[in-house]
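Derivation of every value follows stated rules applied to the coordinates shown; laboratory data play no part. Predicted, not measured: the structure shown is a model, and the values here were computed from it. So basically every Cβ, Gly included, is an ideal-geometry build from the backbone, and we count neighbours across all protein chains shown.
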Amino acid sequence: MSDLSSVQIGSMRERVSRDEWDTRVNLAACYRLVHHYGMDDLVYNHISARVPGEEGHFLINAYGMTYDEITASSLVKIDFDGNVVQDSGTGYGINHAGFVIHSAVHRGRPDVACVIHTHTPAGMAVSAMKCGLLPLTQNAMFFSGVGYHGYEGPAVDLDEQKRLVSDLGNHEAMILCNHGLLAVGRTIPEAFITMYWLERACQAQALAAASGKELNQPGEEVVRTTNERYKPGQRRRIGELEWTGLLRLLERRYPGFRE
């Protein structure tokens, strides 16, 4: 067991490329934002980012650190086969289920730069509903569709990877049935905002379902036009506007993520 109170994590800034360092900073920021918005689950779950310019390498959290203490230098670099390319110096390894899920997506979706997986109460609630995600709110209508992956037990078997990627398809989000949520993006900000929207949609659906009242669903044409307006690439890249403000929030509330 590692005791981070007595471990000095050396800075990676001078040991990696400029592009990788920028990715590390943004990924550490993403972890802390997921914590800030209540989407973390102790030390479980995982967020990963592809390393620019390095084929088959991605960054992921050291398994044992809470999201609010993750820094740019504490992230672990691994390859698609689960080998550690550059450790974090924390003494922690990686979550095997995280490797299985994230390596599958990064290998199968080369357009994806970032993958986020969560176990929020609202996400798990919707993942247990046979109806799936309903277009009850504007947040839900941002999605033209989401993938669904049936529960096969803890994601520790490599055999599951092909089915997981197949079920994700070209979607930017997927509901892992009886499990949780997954969002992807061409950038780290895009993946975060996609997950934020998905989480809010699930929260609203869970609350609406709990009311026991008849639910009001907008018509198909309204759902379609709303999605057309907000789908990725329609006006601007998702996360482009929000990210700088979110980084300022982190500097005020959770400084140190850039270390």
How do the peptides 40-53, 214-227 rank, highest first, by the average count of neighbouring beta carbon atoms within 10 Å per residue? 40-53, 214-227
Of all GluC sites (Glu not before Pro) in region 40-109, which ones are in loop regions per DSSP and have a Cβ with at most 13 other Cβ atoms within 10 Å? Glu55
Within region 4-253: Cβ-based charge dipole about Cα centre, in debye rounded to nearest 20 (Lys, Arg +1; Asp, Glu -1): 640
Tell me, Kirkwood radius of the chain from alpha-carbon pair distances, in Å? 18.7
Ranked on Cβ counts within 10 Å of their own Cβ, fewest leading, Trp21, Trp197 go Trp21, Trp197
Helix hunt in the chain: which complete DSSP H runs extend at least 30 Å axially by C-alpha with mean Kyte-Doolittle at least -0.5? 188-211
How do Cys30, Cys114, Cys131 line up, fewest other C-beta atoms within 10 Å first? Cys131, Cys30, Cys114
Phi-based couplings in Hz for region 133-148 (Karplus 6.51, -1.76, 1.60; Gly and Pro marked x): 7, 9, x, 7, 9, 4, 4, 5, 6, 5, 9, 6, x, 10, x, 10
Considering only DSSP beta bridges whose two residues both sit in region 4-253, what percent are antiparallel, to the nearest 5? 85
